[in-house]
Amino acid sequence: MLLADIQKNITNGRKMFALLVDPDKQNEADLLRLTEKINSPAGPDIVLVGGSLLFSNIDATVATLKRNTQKPVVLFPGSAMQVTDKADGILLLSLISGRNPDFLIGQHVLAAPALAQSGIEVLPTGYMLIGEENYTSVRYISNTMPIPYNKTDIAVATALAGQMLGLKALYLEGGSGAAKPVSAEMIAAVRRAVSLPLIVGGGLRSAADVTTALKSGADIVVVGTSIERDYALMDEIAKTVKGLND
Ligand code: 1GP
């Protein structure tokens with residue numbers, strides 16, 4: 001139970017770490033090496049799978065992960081094509097920072113019949129793209145303008161609207177491989193404004209970045225690119241999150 005577990009952790013003051021696996025960046029051998037680390041005591045709490053644009057088959061990646069770990073494997077889809085019933089759940093992302101109807105509701109309509117049949121847990125998530133300094137893949141593919149990096153008031157109003165619309169979680173996205181993560185100020189302001197579980201990712205490269213995001217009010221941090229480059233960073237980040245929880 002993804003949402004129930006997240007809410008329980010929040011109630012207990014326990015922060016979470018999600019590893020993002022991009023199926024294009026990990027071959028079968030990489031995935032097996034990665035799952036050893038995922039299963040270690042210093043592994044992540046959740047494994048997210050997805051990307052803005054995929055060349056490889058998400059189904060195969062999820063199947064390999066599910067065969068090799070007990071950790072929840074959750075879809076983080078770039079489009080309706082990235083759906084498989086092999087996962088434990090899905091962040092059903094509505095790109096509420098943008099004004100592209102396809103990513104607000106269109107892709108969801110396409111995915112809904114398969115999701116209804118799959119029985120996997122659906123977590124309706126308000127997805128907010130933040131930043132203005134570089135063109136990330138998600139910005140190009142979604143054809144939306146992100147909320148400017150320093151416009152905290154717009155981020156707060158967007159988060160509030162997402163909560164009022166009944167979404168169950170919010171994701172502040174700096175963009176995969178972003179030069180700088182979402183600012184501590186913006187995370188803290190959104191945290192003060194809404195009570196929903198708050199996920200923060202994009203451009204988190206170190207234990208220090210993760211600590212800043214969590215201390216500012218994130219409930220879950222997502223790290224992908226930096227761990228793809230250096231698997232050892234996973235231990236460091238997991239230990240940091242654990243240290244904050246002890
Ligand atoms: C991207 O938030 C995730 O959608 C993770 O970002 O790849 O920069 O860690 P990174």
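The values are calculated or read from the model by the stated rules, or taken from the named source; none is laboratory data. Please read all numbers here as calculations on a predicted model, not as lab measurements. Counting neighbours? That spans all protein chains shown, and the Cβs are built from the backbone with ideal geometry, glycine included.
Things worth noting here:
- Of the numbered criteria (1) within 15 Å of the ligand (Cβ to nearest atom); (2) in a helix (DSSP H, G or I), the one residue 44 fails is (2).
- Extreme residue, farthest from residue 7 (Cα to Cα), among residues of the range 188-202 that are surrounded by 24 or more Cβ atoms within 10 Å (Cβ to Cβ) and among the β-branched types (Val, Ile, Thr): 190
- Of all the criteria given as (1) under 17 Å from residue 15 (Cβ atoms); (2) outside any loop (DSSP other than H, G, I, E, B); (3) touching a strand residue (DSSP E or B) at 6+ places or on another chain (Cβ under 6 Å), the one not satisfied by residue 159 is (1).
- In the range 224-246, the residues that are more than 24 Å from residue 179 (Cβ to Cβ) reach residues that are of a type in the set (S, T, N, Q) with C-beta atoms within less than 8 angstrom, at least six apart or across chains, in these pairs: 235/40; 244/211.
- Residue within the range 173-182 that is surrounded by fewer than 20 Cβ atoms within 10 Å (Cβ to Cβ) and modelled with pLDDT of 95 or more present: no
- Residue list for the range 141-159, restricted to those being more than 13 Å from the ligand (Cβ to nearest atom) and surrounded by 15 or more Cβ atoms within 10 Å (Cβ to Cβ): 144, 147, 149, 151, 152, 154, 155, 156, 158, 159
- Subset of the range 166-188 [in a loop (DSSP other than H, G, I, E, B), out of contact with any Pro (no Cβ under 7 Å at 6 or more places or on another chain) and either touching a residue at least 40 places away in the same chain (Cβ under 8 Å) or within 10 Å of the ligand (Cβ to nearest atom) (or both)]: 166, 175, 176, 177, 178, 179, 180, 181, 182
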